[in-house]
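Okay, so here's the structure we're looking at.
No value in this document is a laboratory result; all are computed from the given coordinates. Only a predicted model underlies this, so the values are computations on that prediction, with no experimental measurement involved. When we count neighbours, we look across all protein chains shown, and the Cβ atoms used for this are built from the backbone with ideal geometry, even at glycine.
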Amino acid sequence: MSAKNKAVSESFATRLLLILAAVLYVALILVLPLASVFREAFRHGVAAFAGAIAEPDAISAIKLTFTVAAISVPVNMICGVAAAWAITKHDFKGKSLLISLIDVPFSISPVVAGLMYLLLFGAQGWFGDWLLAHDIRIAFAKPGIVLATLIVTLPFVARELIPLMQAQGREEEEAALTLGAPGWRIFLWVTLPNIRWGLLYGVLLTNARAMGEFGAVSVISGHIRGETNTMPLQVEVLYNEYNFVAAFAVASLLAGLALVTLVVKTLLEWRHGDQLAAGGH
Amino acid sequence: MASRSQPSRRKGRGRHSPLPGLPLTLTVTILWLTILLLLPLVALFAKSVTLGPGHFIEAAFSPRAIASYRLSFGAALVAAAINGVFGLLVAWVLVRYRFPGRRLFGALVDLPFALPTAVAGIALTAVYANSGWVGKPASALGLHLAYNPIGVVIALTFIGLPFVVRTVEPVLADLGKGIEEAAATLGAGRLTIFRRVILPEIFPSVITGFALAFARGVGEYGSVIFIAGNMPFKSEISPLLIVTKLEEYDYAGATAIATVLLLASLTLLLLINLWQGREHRRRAA
């Protein structure tokens with residue numbers, strides 16, 4: 001190592017020490033808990049694990065989780081793209097207020113988010129009497145779970161797309177417009193190819209949070225077994241019944257989903273990092 | 001989560017964009033935010049107002065509620081401070097050094113963003129309770145890590161790590177080595193360079209990451225409740241107290257505490273935005 005390099009880098013021993021300290025910290029805080037999920041799930045063997053997953057309540061929780069994600073992810077994707085289009089391709093008053101509003105759900109406690117919906121749709125809520133009269137159930141039912149999931153995942157797609165589309169500017173779309181293309185075709189043929197990886201990235205994060213949300217969904221769901229229990233709620237129910245193998249079995253499915261999310265996310269960052277919004281997520 | 005979008009102020013100012021779609025997309029956006037966010041927020045504040053100031057203060061600042069704020073804010077502060085130090089270390093190692101498994105290590109840092117909080121909660125309890133991999137040796141030394149406020153700090157440390165790492169990392173990566181070389185030429189030692197040259201440059205981003213982790217920790221629920229012990233006045237976080245009130249059908253009590261938490265989060269969000277806006281301008285200058 002040259003003298004110049006030595007002056008702007010640490011000695012080998014210092015580097016080794018710092019790397020070891022960082023790795024040890026991440027191992028203690030992140031890796032051990034992750035490993036423990038799978039260890040506990042398979043503590044009594046594969047048969048016990050499979051039995052726990054095949055329970056009717058577990059299956060209905062898995063189905064509900066996928067249903068909720070299948071509704072809430074497209075809604076927030078479409079609305080997020082619409083918001084990003086309005087904000088980056090047009091000028092209007094109150095734009096920065098709109099951008100700030102999109103950020104707000106990230107800072108609200110999930111429990112508070114769930115409570116807000118109870119105050120609207122619960123029996124004592126604003127629309128409680130009207131909903132009861134029309135025999136529509138939102139709180140303590142699936143629509144409430146979807147709403148709670150929608151608010152906690154609201155920002156992901158828009159937050160990924162807004163900085164990305166701002167950096168890309170409007171020239172390409174304006175050129176397409178000059179050539180006489182209608183709006184939807186400009187979006188599909190010009191904008192979408194430019195933002196597809198960023199959009200996929202946002203959808204990936206939305207989906208991970210949608211399938212894993214706990215606090216907001218817990219407040220609004222009413223915990224009806226086999227009916228309004230999503231996978232994370234089922235984990236809690238089983239855990240509180242001291243049915244640890246079953247709790248960790250369902251949890252390991254969610255942990256597997258998290259690992260898949262991380263792998264796809266990392267691949268997107270390596271392959272298409274230049275087509276994602278700058279900065280970390 | 002750290003990237004802040006700055007509205008473009010130069011492009012297109014003072015002229016109308018010729019592109020189509022504004023009425024449709026803006027309507028969709030406003031409906032989306034109104035139904036999902038604004039209406040529920042108004043419902044919460046309206047409910048608080050109907051309680052009347054006396055009843056509101058009584059519910060929001062009961063001794064049990066105050067104990068829960070102390071724990072939620074205190075534990076979030078301690079966890080964010082721990083991550084301020086170790087998150088900086090992790091970011092430093094990721095940006096400055098090359099070692100086998102570095103990319104895997106970097107990818108793992110995002111685990112708390114991807115892992116559902118309830119899963120994190122039971123996993124952390126399994127590791128840090130007295131029978132766990134870390135809890136067992138610790139309890140042999142008389143140190144109990146779960147079912148007390150220490151458990152809350154552990155859960156919030158897990159949740160907060162990526163906020164600091166992902167905020168500091170890009171700033172550290174952008175930092176050229178020229179200024180360090182200049183300082184070294186002038187005879188400064190490595191530690192002095194870090195303290196006097198590098199740290200002042202990256203410290204604002206450490207503060208941002210710290211604040212983001214703190215804000216997230218204050219409202220965190222899922223990862224905490226399994227490891228906390230949940231004893232009123234001792235290890236009961238504010239979000240759990242809201243849930244407890246709801247289970248007792250005490251909507252007024254739940255709403256009062258939720259309003260305090262919400263106002264705190266919105267204030268934090270505003271402060272973080274102002275701080276980041278200032279940093280953007282400083283770095284752009």
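Ellipticity at 222 nm from helices only: DSSP H runs of n ≥ 4 in chain B, each -39500 (n - 2.57), divided by the residue count, give -23000 deg cm²/dmol. Looking at chain B as a GNM with Cα springs under 10 Å, which of B:T244, B:T185, B:T259 has the largest mean-square fluctuation? Highest fluctuation of the listed residues: B:T185. Largest GNM mean-square fluctuation across A:I186, A:I162, A:I195, computed for chain A with C-alpha springs under 10 Å, falls on A:I186. Counting other Cβ atoms within 10 Å as a rough exposure proxy, the listed residues B:L161, A:L97, B:L88 run A:L97, B:L88, B:L161 from fewest neighbours to most. Peptide B:86-92 has a mean of 4 when you count, residue by residue, the C-beta atoms of other protein chains within 10 Å of its C-beta.
Straight-distance candidates among the aspartates and glutamates for linking to A:K95, with alpha-carbon spacing under 18 Å and chain neighbours fewer than 8 residues away dropped: A:D103, A:E160. Reported to the nearest whole Å, the Cα centre-to-centre distance from the range A:194-259 to the range A:84-121 is 23.
So what is the 222 nm mean residue ellipticity for chain A from helices alone, if each DSSP H run of at least 4 adds -39500 (n - 2.57) and you divide by all residues, rounding to the nearest 500 deg cm²/dmol? Mind dumping the intermediate values first?
Values: 16 runs with 210 residues, N = 281.
About -23500 deg cm²/dmol.
Please give the net charge around B:A213, taking every other residue with its beta carbon less than 11 angstrom from that of B:A213, where Lys and Arg add +1 and Asp and Glu add -1. Summing Lys/Arg as +1 and Asp/Glu as -1 gives +1. Within the listed set A:N76, A:N243, A:N207, the residue fluctuating most in the Gaussian network model of chain A (springs between alpha-carbon atoms under 10 angstrom) is A:N243.
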